[in-house]
Amino acid sequence: MRIELAGRNPLRQRRELRADFHGDTENLVLDARGLQWVSPLELAAIVTMGTAAADGGREVRLLVPRDPKIASYLVRMNVVELLKPFAEIEGSIPSQVRRDHSDKLLEVAKVTPANIDDMNETLGRLVTARLGPEAGRAAFRSLAELLSNATTHGLSKTGAFTAAQLYSGTLSRTPGFEFAVCDSGDGIRKVLSNTTNQDLEGPVALERALDGGNRSPEGRGHGLPNLWRQAIRGGKGGELMLRSGSAVATATLRAEPTSICSRVAESVDGTWAWLRVRLS
């Protein structure tokens, strides 16, 4: 199978994955040659898809972006490093001297139950330093909820991958904080079906998750309404995207939140979550 990753933020701005050669179960080609801009969602998803495919015995290839700046960013954000042990990397890989930008980004990293506390601490310092104490704490709680879901319901032997980036708005035109975590676990539909004893359709399962319909006795689960309550505490709001199985949901996080859930043709394993907290 070949998945085309082209343009600006293809996994965030397009509901459908651009994929072909669906019957090819021996290979996965991640074609990033046409990438023009990439968010934490694309970064984490590329590594998650490649890792899960390799674990399933498939040959994995990454076609490096033609734009040297985008290719350099994939190197900077650990995408190439994490795929290299099992994937064929095709294209020019820029060399670079890595500088410490821990005040503005979190490179793609594997998150597991063993390191989730450290990951939460790292993200907490990042958002609090840049968003301020109140907004930072609110954003941190949202991130912790998403990471918790990825390491409980989304737990799999290949793990989950996360990334984060602060944008000043100079290049992206939209200042804010973006975060993503992608796993290849059971997926929201299966999790909710197990807990409710109902075989929920993909879009219905995502709607239920957004409404907080899967809270465990311990208070954990896909109880996502807290995300928008936290996101609007600083008065700026934000957006949330969930992709799980054959469904995609997008939610505008504000005082009166709105969401759109729909079925898509190309399904994904597990759950992908992307969160943006606006700074202006």
Query - Residues of region 162-182 that turn out to be open to solvent by 10 Å² or more (accessible area, probe 1.4 Å) and either in contact with a Gly (Cβ under 7 Å, 6 or more places away or on another chain) or more than 15 Å from residue 277 (Cβ to Cβ) (or both), as a count - result: 5
Query raised in the report: Does region 219-240 contain at least one residue that is in a strand (DSSP E or B) and modelled with pLDDT under 60?
Result: yes
Report summary line: Checked 98, 130 against criteria (basic (Lys, Arg), in contact (Cβ under 8 Å) with a residue 12 or more places away in the chain and surrounded by fewer than 12 Cβ atoms within 10 Å (Cβ to Cβ)); the one match is 98
Report task. Six or more apart or on different chains, Cβ under 7 Å: which pairs go from a residue in region 73-88 that's farther than 13 Å from residue 48 by Cα to one that's open to solvent by 80 Å² or more (accessible area, probe 1.4 Å)? Could you list them? Result -> 76/98
Query - Subset of region 20-36 (residues that are surrounded by fewer than 16 Cβ atoms within 10 Å (Cβ to Cβ) and within 19 Å of the chain's Cα centre (by Cα)) - result: 36
Query raised in the report: Do the conditions hold for residue 49, that is, is it open to solvent by 20 Å² or more (accessible area, probe 1.4 Å), modelled with pLDDT of 95 or more and of a type in the set (A, V, I, L, M)?
Result: yes
**Report entry** Those residues of region 52-74 which are buried (at least 17 other Cβ atoms within 10 Å of the Cβ) and within 17 Å of residue 110 (Cα to Cα), in sequence order
**Finding:** 52, 53, 54, 74
Query raised in the report: Residue check, residue 48 against (1) touching a residue at least 12 places away in the same chain (Cβ under 8 Å); (2) in a loop (DSSP other than H, G, I, E, B); (3) among the hydroxyl-bearing types (Ser, Thr, Tyr), all met but one. Which one?
Result: (2)
Query - When residues of region 154-201 are limited to those that are touching a helix residue (DSSP H, G or I) at 6+ places or on another chain (Cβ under 7 Å), over 21 Å from residue 139 (Cβ atoms) and among the hydrophobic types (A, V, I, L, M, F, W, C), the one modelled with the highest pLDDT - result: 188
Query raised in the report: Which one of these does residue 157 not meet: (1) touching a residue at least 60 places away in the same chain (Cβ under 8 Å); (2) more than 30 Å from residue 29 (Cβ to Cβ); (3) not in a strand (DSSP E or B)?
Result: (2)
Query - Selected residue (criterion: modelled with the highest pLDDT) from residues of region 256-280 that are out of contact with any helix residue (DSSP H, G or I) (no Cβ under 9 Å at 6 or more places or on another chain) and more than 16 Å from residue 202 (Cβ to Cβ) - result: 258
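Answer yes or no as to whether residue 12 is among the charged types (D, E, K, R) and either closer than 24 Å to residue 275 by Cα or within 17 Å of the chain's Cα centre (by Cα) (or both).
Numbers: among the charged types (D, E, K, R): yes; either closer than 24 Å to residue 275 by Cα or within 17 Å of the chain's Cα centre (by Cα) (or both): yes.
When the stated conditions are applied, residue 12 passes them.
The values are calculated or read from the model by the stated rules, or taken from the named source; none is laboratory data. Nothing here was measured: the structure is a model prediction, and the numbers come from that model. Using ideal geometry, Cβ is built from the backbone for each residue, glycine included, and neighbour counts are taken over all protein chains shown. Accessible surface areas use protein heavy atoms only, side chains included; no ligands, DNA or RNA. Shrake-Rupley method; radii C 1.70, N 1.55, O 1.52, S 1.80 Å.
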